[in-house]
Amino acid sequence: MNRVPLTRRQSEILAYIREYVSQQGISPTLEEIANTFGVSRVTIFGHVGELEDKGFLKRPTRGISRGIILTETDSDTSSSTPAPTPQFSVPILGSIAAGVPISAVEEPEEFSFSDMIPSQAEVFILRVQGNSMIEDAICDGDMVLVEKRDDAHNGETVVAILPDNETTLKRFYRESDCVRLQPANSTMDPIFVDQVEIRGVVIGVIRQMN
């Protein structure tokens, strides 16, 4: 069965609904879909309407919050265009110091891509301020992709919360009597603390080329 091609966003929404129904046994609400994609409920309503017009689902009856019905079958989708690679939206939560520690500021943004996220990992992005990690090729203005974790191995680059609630980006080393947060800049001294809270481990660096 041939159908009108879907836009990238419509494909993402349809894939999300399929996965939700498969895992939960019920359809998501328009509000849940909107929250997942970081857009308004009205925007999702429009996309769902287009998906209905193209024959992939039926919209819920007024007053029913979980009434989306998927109408395609395996045979429908196997004869049409292959499903697109899933796209991911990761929140940019703010900035992270890579020099003198600063207070983290919540400035929600969104950055979308598909290939850098490990399977099942919970990740977020922080913008780097400062050059304390420059010898690890993490420069001022870069964005670091961080896997949310509360522990780290020696030598991993971590998002660390210091005892005074300041945040910093450094290599993590657990010494015999303290924790050493080591900059990757030979002009800077390490930070020694009795304890530190780990919020995540850097798994990638994103740089915009001028």
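Listing for the model above:
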{"item": "Test for residue 171: is it buried (at least 16 other Cβ atoms within 10 Å of the Cβ) and within 14 Å of residue 95 (Cα to Cα)", "result": "no"}
{"item": "Residue satisfying condition, being modelled with pLDDT of 85 or more and closer than 27 Å to residue 9 by Cβ, within set 181, 169, 162, 126", "result": "126"}
{"item": "Residue pairs meeting the criteria (Cβ under 6 Å; at least 6 apart or on separate chains; first more than 21 Å from residue 138 (Cα to Cα), in the range 171-192; second crowded, with 18+ Cβ neighbours inside 10 Å and modelled with pLDDT under 95)", "result": "179/196"}
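The values are calculated or read from the model by the stated rules, or taken from the named source; none is laboratory data. Keep in mind it's a predicted model, so treat the numbers as computed, not measured. No Cβ is skipped: glycine too gets one built from the backbone with ideal geometry, and neighbour counts run over all protein chains shown.
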